[in-house]
Protein chains: 2
Amino acid sequence: MSSSQLPGGTPALRADAERNRTAIVSAARAVFAEVGTDAPVRRVARRAGVAPATLYRRFPTREDLVAAAFAEQHAECSRLLAAADAHHDPWSALRAVVRQFCADQVRDRGFTAHVVLSACSGDAPPGTAGEFAAEAGRLEGLVRRSQESGALRADVRLQDLELLVAGNAGVIAATPTASVATASRRYVDLALRSLET
Amino acid sequence: MSSSQLPGGTPALRADAERNRTAIVSAARAVFAEVGTDAPVRRVARRAGVAPATLYRRFPTREDLVAAAFAEQHAECSRLLAAADAHHDPWSALRAVVRQFCADQVRDRGFTAHVVLSACSGDAPPGTAGEFAAEAGRLEGLVRRSQESGALRADVRLQDLELLVAGNAGVIAATPTASVATASRRYVDLALRSLET
């Protein structure tokens, strides 16, 4: 059915659907941030102010909902890593990626929990296996080239970066909101120093 | 009333009271580990299998209960720090203290949350202000002498050790149980390296 068949009606319905989708994704991010990505889907629907059936129609599985909730940050991660890949100094680029990611953790603890727990347990976040593998591959390339350049210690592995990021989550959890950005920056400076030759 | 006035009875009563006390302290540690030191006191009584009134008679305030629950680890911390204080090489002693504390975190996450959150928020854990100040003073002495010996970077502060320990809590939280001890040891090795000249 084209919009010319129902002039006025269909664009309004589309605007409604778009508003619902935005409300659901925003509610999912908030609920996942509070209680993790295994939160009851009905709780997301309630927070979004939509019927559970509406939510299930847009997001048939939990994986669909999780992927939508974190799509923006994943896209940002991918852009960051692509830019780092093209940088002439791999260790400087890798440090910038770690700093940016750790600053994102401070701003969005839901994303942190989602990505960090997945990375450390060796599983891709649900619904994001493809991007996750691509990002891990780019990070491994940066680690290798940073070592070849002589800036990064030869014994450092990708898993060490995951430990660093998990540690940042611990710093964020333990620090009062007023000083968390400063504490996290100091922690990241120290952690990066531990990896240098 | 001395035990000679009620031969047989009083020692049995004392044994009962001691059993109750042990059960309460053990239940408190378990409940605090699960949900933090602001857990409902009635939940501790239920886990210990005693009436709330029995618990309140032994531990009139939450602070009394928290202090009893963590008394053993605090005593161990104090012994460790006293030994470190007497060591001829302050940086070697300080590293041993950090390694031991971080290994304790792996074994007892309740103690971790209790001490780390308190340290990072700048407050002494409830009921432990005196010991906490003494331990912080000893740690500050070790930091200063490690810097004087030339082993520890001049810009390192006691707060950096707290960040390190908060980070270890993050590593512990993010890592599956089977690999948590290895991950934490690696994390601590890296973190200590970041502090050296």
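The values are calculated or read from the model by the stated rules, or taken from the named source; none is laboratory data. Only a predicted model underlies this, so the values are computations on that prediction, with no experimental measurement involved. Cβ sites come from the backbone with ideal geometry, for glycine too, and all protein chains shown count toward neighbours.
Values computed for the structure shown
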{"item": "Qualifying residue in the stretch B:29-38 (condition: more than 20 Å from the chain's Cα centre (by Cα), modelled with pLDDT under 95, more than 30 Å from residue B:142 (Cβ to Cβ) and acidic (Asp, Glu))", "result": "no"}
{"item": "Selection within the stretch A:172-183 - hydroxyl-bearing (Ser, Thr, Tyr) and within 7 Å of chain B (Cβ to nearest Cβ)", "result": "A:175"}
{"item": "Filtered residues of the stretch A:141-171 (kept if within 13 Å of chain B (Cβ to nearest Cβ) and of a type in the set (Gly, Ala, Ser))", "result": "A:166, A:167, A:169, A:170"}
{"item": "Test: residue in the stretch A:66-85 that is without any contact (Cβ under 8 Å) to a residue 40 or more places away in the chain, outside any helix (DSSP H, G or I), surrounded by 14 or more Cβ atoms within 10 Å (Cβ to Cβ) and in the same structural domain as residue A:191 (by TED's automatic domain parsing)", "result": "no"}
{"item": "Subset of the stretch B:184-197 (residues that are surrounded by fewer than 21 Cβ atoms within 10 Å (Cβ to Cβ), at the interface with chain A (Cβ under 10 Å from one of its Cβ atoms) and in a helix (DSSP H, G or I))", "result": "B:186, B:189, B:192, B:193"}
{"item": "Set A:121, A:146: member being polar (S, T, N, Q) and modelled with pLDDT under 85", "result": "A:121"}
{"item": "Members of the stretch A:146-176 that are surrounded by fewer than 21 Cβ atoms within 10 Å (Cβ to Cβ), of a type in the set (A, V, I, L, M, F, W, C) and under 17 Å from residue B:193 (Cβ atoms)", "result": "A:151, A:154, A:156"}
